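Below is one structure, written out as structure tokens, with a few remarks after it.
Throughout, read-outs are computed from the coordinates displayed, never taken from laboratory work. In this text the structure is predicted, and so the values were computed from the model without any measurement. With ideal geometry, Cβ positions are generated from the backbone for all residues, glycine too; neighbour counts draw on all protein chains shown.
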Amino acid sequence: MINILNKNKTYITNRGFTLAEVLITLGIIGVVAAMTIPVLTAKYRQSVCISQLKKMYSVMSQAMLFTVQKEGDYSSLFNIVDVNSQSIQNWYTQNLKPYIKITNECFDKAGCWADSGTKLMNGGTPNWDRGNIGIGQNIVIFDTVDGYSVSIDACADSGRFWGVNISSTQYVVLYVDVNGKKGPNVIGKDTFVFVFSDRGFVPAGRDKTDEEVNADCSKNGTGYFCFEKIIRNGWQIDKENLW
């Protein structure tokens, strides 16, 4: 409070904040901001990540459905019976490529996948890792207009390794990195695994129990079943898994 002498020689009281009061107020605002901004930032990142995942899942699901020329007909999958490079390339070119906007494609060579390769959530190396080429034995890798990098491999077993029970022997495994070559390039964080078979396009781990899915999608697990966990959790991502 400050007393000011006016022209009539009477005092006018000018009420205001002292320097100490202003500093205390600013300190309180700073503390509140420090507590709330990280929460708001995490929620924003959560929202962005979920939006990206939903869009990716929709785009890839639709593309894979288009590979089925008529309802229930998965005969194209049996064209990869020998699971060699040429049969996988033919399947991709004829049955998938026409339905996705692709910016770059690589057949068993580097150029479409992250230069640093891919890691598991536990820090290990994925099965069938090919470093900066991609993941799989005889693979097709491509980048999409939406910024995804996709590595396709073909398999001829029951699908049990991926936690998906299928009746056919032939199926396709897709590794999708939702932000392309940008980091962290970790399965379970920005890279997810899907199986396409006569059951359709489903995340790895679809037929595993909640306990098995949660154990795999953890800092000690591989991360292969993380997309399935996100779906089961009502499209929520654990904060340590945000990229």
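List the cysteines in the chain whose Cβ has no other cysteine Cβ under 4.7 Å from it.
Among the cysteines of the chain, those whose Cβ sits 4.7 Å or more from every other are Cys49, Cys155.
State, to one decimal in nm, how far the label point of Lys101 lies from the label point of Val145, with both points 7 Å from Cα in the Cβ direction.
Here the modelled spin labels are 0.3 nm apart.
Quickly estimate the mean residue ellipticity at 222 nm for the chain, helices only: each DSSP H run with n ≥ 4 gives -39500 (n - 2.57), and the total goes over all residues, rounded to 500.
Theoretical 222 nm ellipticity from helices: -9500 deg cm²/dmol.
Along Cα→Cβ, 7 Å out, is where each label goes; now give me the distance between the ones at Ile50 and Thr209 in nm to one decimal.
Once both label points are built, they end up 2.8 nm from each other.
First obtain the Kirkwood hydrodynamic radius of the chain from its Cα pairs, then insert it into the Stokes-Einstein equation at 4 °C and 1.567 mPa s, and state the resulting D in µm² per second as a whole number.
Translational diffusion coefficient: 64 µm²/s.
Can you give the net charge of the other residues whose Cβ lies under 11 Å from the Cβ of Cys112, counting K and R as +1 and D and E as -1?
Computed value for this residue: -3.
With an 8 Å cut-off on Cα pairs and a minimum separation of 6 or more residues, tell me the relative contact order of the chain in percent.
Taking the mean separation of contacting Cα pairs over the length of the chain, I get 15 percent.
Wrap a convex hull around the Cα atoms of the stretch 125-243, take a quarter of its surface area, and give that in square nanometres. All intermediate terms of the calculation are to be shown ahead of the outcome.
Details: hull surface 28.9 nm².
Taking the Cα atoms of the stretch 125-243, their convex hull projects to 7.2 nm² on average.
Can you pull the one-decimal nm distance between simple spin-label points at Leu23 and Ser85, each 7 Å off the Cα toward Cβ?
Between Leu23 and Ser85, the simple spin-label model gives 7.2 nm.
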